[in-house]
Structure formats: C-alpha cells, structure tokens
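The structure appears right after this line, and notes come after that.
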Amino acid sequence: MLAKIGPASIPGDWTWDTDSTRHPVIDTLEVLVDVHRPFTGTGDDPPAMLLSLGLILLCQLLGEAIAHGTGVPIPGPVIGLVLCLGLLLLRDRMGQRVPAELRDGTFENTGSGLLSHLSLLFIPAGVGVIQRLDVLTGNALPIAAAVFASTLFGMTVTALVFTFVARRAR
C-alpha cells in the first residue's frame, strides 16, 4: 500500500508501505476494473461486445469487397453501412432465431460506444492535413469555394425538404 513519507512531506513523495503485502498497481487495477463482477456471457461482457464489433467490421469488410469486386462508384463503408442496416432489419423480422448478442442490445451498445469516441478517429486525418499543409495552401481558393458551395447547397436542400414535409404534414 502507498503511504506518505511523513506528516510534513513534499507532495508526490510516496513510498512503499512495508506492512502491506499488496502491490499498489494491483490496488489501482482493482479500482479501474471491477474484478469481482461475475461473467454472465451477455450484455456488456467483453466477448459479446467483441462479437458485435466483429459483426460491424464484417459488414464494412463485405462492403469494401463488394465495392472493389463490382467496381460500383459507391464507397465500401457506405455499402457496409447498408449491409449493417439490412442485418438489423433481418434481426427484427427473425425474432428469437438470431443470436442473443443481436437481441439483448449489445450490438446497439457497441455501436453507441464507437460513435461516442468517433472524434478520436479524426486525429489521423487531421495530422495528415497538417503534414500536407503546403498542398492545402496551394489550393486554398478552390477548397474554400467548394466548402462554401457545398454548405450553401446543403442548407438549401435542407430548407426545401423541411418546407415540403411541413406542407405535407398539414
């Protein structure tokens, strides 16, 4: 166990308490990971989450294979997303005949967990942009025009769709 060296010790001066038989790393790990939680095989257990993550990655892999194999001008991850949507729709129609990991919410929890940390996936892209800042500055005007035009287009389409739906709802 960790203990302060003395009553007037300097902050950060910790020493090993020789009276304890436990190592401080084990104490810390027990706080971080609840080692006493029983393994149930469902819910948020690591094997169920790994199966769900594997299904998500399998959908993306199949999407990439379809995109490269057929030569369609649709990105593989988009095809994988459609396959994942199809898997979820099929799951809802099949009921009890699908694995428990698809029925108990683990699949959705895994997807939500990935989405909650989605911003971390942009770090490599940001680093790549910074590394190629010379290309970015050389094409600043066309990039700014494309960003402005696409934003204007997106806002216009959104307004038109909203107006159409609002009129139809009346």
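Give or take rounding to whole Å, what are the principal axis extents of the alpha carbon atoms in the range 57-144, in descending order?
58, 32, 19
Please report the orientation-averaged projected area of the range 122-170, defined via the convex hull of its C-alpha atoms, in nm². Don't skip to the end; give the middle numbers.
Numbers: hull surface 18.4 nm².
That works out to 4.6 nm², a quarter of the Cα hull's surface.
Determine the gain in length on full extension of the stretch Leu88-Arg170; use 0.36 nm per residue of separation and subtract their C-alpha separation, reporting nm with one decimal. Each step should come with its number before you reach the end.
Details: separation 82, 0.36 × 82 = 29.52 nm, distance 3.25 nm.
The Leu88-Arg170 span can extend by a further 26.3 nm.
What length, rounded to one decimal in nm, is gained on full extension from Ala125 through to Ala140, with 0.36 nm per residue of separation minus their alpha-carbon distance?
3.6 nm
Read-outs: derived from the displayed coordinates by stated rules, not from any lab. For clarity, every value in this text was computed on a predicted model and none was experimentally measured.
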